[in-house]
1. In this structure, is Glu359 within 30 Å of Ile130 (Cβ to Cβ) and assigned to a strand (DSSP E or B)?
2. How many residues does region 39-51 hold that are open to solvent by 30 Å² or more (accessible area, probe 1.4 Å) and either out of contact with any Gly (no Cβ under 9 Å at 6 or more places or on another chain) or not polar (S, T, N, Q) (or both)?
3. Just to confirm my filter: which helices (runs of 4 or more DSSP H) fall fully inside region 242-317 and include at least 2 residues that are buried (at least 20 other Cβ atoms within 10 Å of the Cβ)?
4. Taking Lys282 as meeting all but one of (1) out of contact with any Pro (no Cβ under 6 Å at 6 or more places or on another chain); (2) in contact (Cβ under 8 Å) with a residue 40 or more places away in the chain; (3) closer than 27 Å to Ile406 by Cα, write down the number of the exception.
5. Does any residue in region 334-355 that is within 21 Å of Val321 (Cβ to Cβ) and modelled with pLDDT of 90 or more come within less than 8 Å, Cβ to Cβ, of a residue that is assigned to a helix (DSSP H, G or I) and not hydroxyl-bearing (Ser, Thr, Tyr) six or more places away or on a different chain, and which pairs are these?
6. Of the conditions (1) without any contact (Cβ under 8 Å) to a residue 40 or more places away in the chain; (2) touching a Phe, Trp or Tyr at 6+ places or on another chain (Cβ under 8 Å); (3) not small (Gly, Ala, Ser), Thr207 satisfies every one except a single condition; which number is it?
7. Just checking: which of the strands (runs of 3 or more DSSP E) contained wholly in region 1-115 hold 3 or more residues that are among the charged types (D, E, K, R) and under 26 Å from Asp228 (Cβ atoms)?
8. Within region 217-241, count every residue that is open to solvent by 50 Å² or more (accessible area, probe 1.4 Å) and in a helix (DSSP H, G or I).
Amino acid sequence: MFNIIVRARKDAKAIQYINERNYGGYLRVSSLGGGRRFGEVEDNLHDALSDPYIPILLFGEKEKELAEEIANKLEGPYFIRVLRTKRVRNMRVDELYSHIEEIKARFRLGIAWNVNHYRFTPDNPMGLEINPDYDLYFAVGEGFRRNMVELLGVDPGDVSLVLRKTMNVEEYYSGPNKIAEISKVLGQPTEVKLRIPVLEEVSLTETIKANKEYIEAFERASIFFLKDFTDKTAVVPWSGGKDSTATLILASKVFDEVTAIYVKMEYEMPLTDEYIEEISKKLRINLVKVEVPMPIHKYGLPTHANRWCTKMKVEALYNAVKEIENPILIVGDRDAESARRRLKPPVVTRKTPMGDITEVMPIKFWSGAMVQLYILMNGFELHPLYYQGFYRLGCTVCPSLAQWEIDLLDKLGYLPKFMKERKINDA
């Protein structure tokens, strides 16, 4: 969660309009009171920075000197931008909104390289392309490396950084070097567009250590956000994937009691049951497991046009939730997953057959890489399939599986027989 800080109250009014329109009013907006010199705004700045939310400071061109003075005083994750207009409020609303979206993306995509590890920073000295619809994650594990080499002829090393762009195009980095570009477009063969065998030694341990304070700052912001909902019963829809697992860890630090609902589809990804059991015991949360059959013989394989399985999964979740008094759904949706999710505010209320249910998204502004490190920092492992080459988890018959994921499932011996036969026929 972010706190947008501006100099004048009229600037704050312009930002608050965007906050209400695009973010449901769930960002913070702070004013420095209108002063033009550091001494005149110092107290208000101190008050604004005492908020646990991550600070974004916006200034107009006439306030450039003030922005520079403030920059010399700040610590921790923050970002300052001087806009092209004289004052913040002089900029068109949609252009101002675009700036906010781009800056938000910087916090999850900006990266620096230092000898043997990566460090998150919105200043982005590595110069990765910043786009609100991109994500960042780490390719880690012996299995991930082995499968990349055997299936694609690309060696990512033991740890590599992956910039995931739109259309499932991924750029792989080893240290500061771009070593591969791979297209995983749905419905098309996996294509290696670039391959440069230049590897650096990358330490996951040092990367975790270097980013501890950064991620803890985001954790504090997310925890503070969740504390507004402690009058309700915490319910986390949990798939075993990295996003819902990080969300579950966060919720367990805020609520006295947390219930995780695991809706197990008939063709769930392998190893998920074991992972769910292990993590739930360590976290000591209530686990509700709901099994859902998938009558493929009746409806056929799910398609993008007919995702009947999603409807069954949601119905099973809501049926489990209706047994819980005064629930709040804490979900692992993130901006970087899709433009559609990015455009949702951090809190939404859905109308369901069981009545209105509110969903909150505490990791909405995190990257996949931040989520991965957060789970590891807390002493947990990632789902085993992430160490084999998966970016996301779902079902083994999901229409959103890229050919890379289908080939991985096949190689690991987890592809359903009828999917394997279809793959052979398609070939």
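The values are calculated or read from the model by the stated rules, or taken from the named source; none is laboratory data. Worth saying up front: this structure is predicted, and the values here are computed from it rather than measured. With ideal geometry, Cβ positions are generated from the backbone for all residues, glycine too; neighbour counts draw on all protein chains shown. The area values use the complete protein model at the heavy-atom level, side chains included, leaving out ligands, DNA and RNA. Shrake-Rupley method; radii C 1.70, N 1.55, O 1.52, S 1.80 Å.
1. Spelling it out, Glu359 is indeed within 30 Å of Ile130 (Cβ to Cβ) and assigned to a strand (DSSP E or B).
2. Qualifying residue count, region 39-51: 9.
3. Numbers: elements: 242-254, 272-283, 296-299.
Once the helices (runs of 4 or more DSSP H) in region 242-317 are filtered for at least 2 residues that are buried (at least 20 other Cβ atoms within 10 Å of the Cβ), what remains is 242-254, 272-283.
4. Against the list (1) out of contact with any Pro (no Cβ under 6 Å at 6 or more places or on another chain); (2) in contact (Cβ under 8 Å) with a residue 40 or more places away in the chain; (3) closer than 27 Å to Ile406 by Cα, Lys282 comes up short only on (3).
5. Pro345/Asn22; Pro346/Phe225
6. (1)
7. Answer list for region 1-115: none.
8. 4
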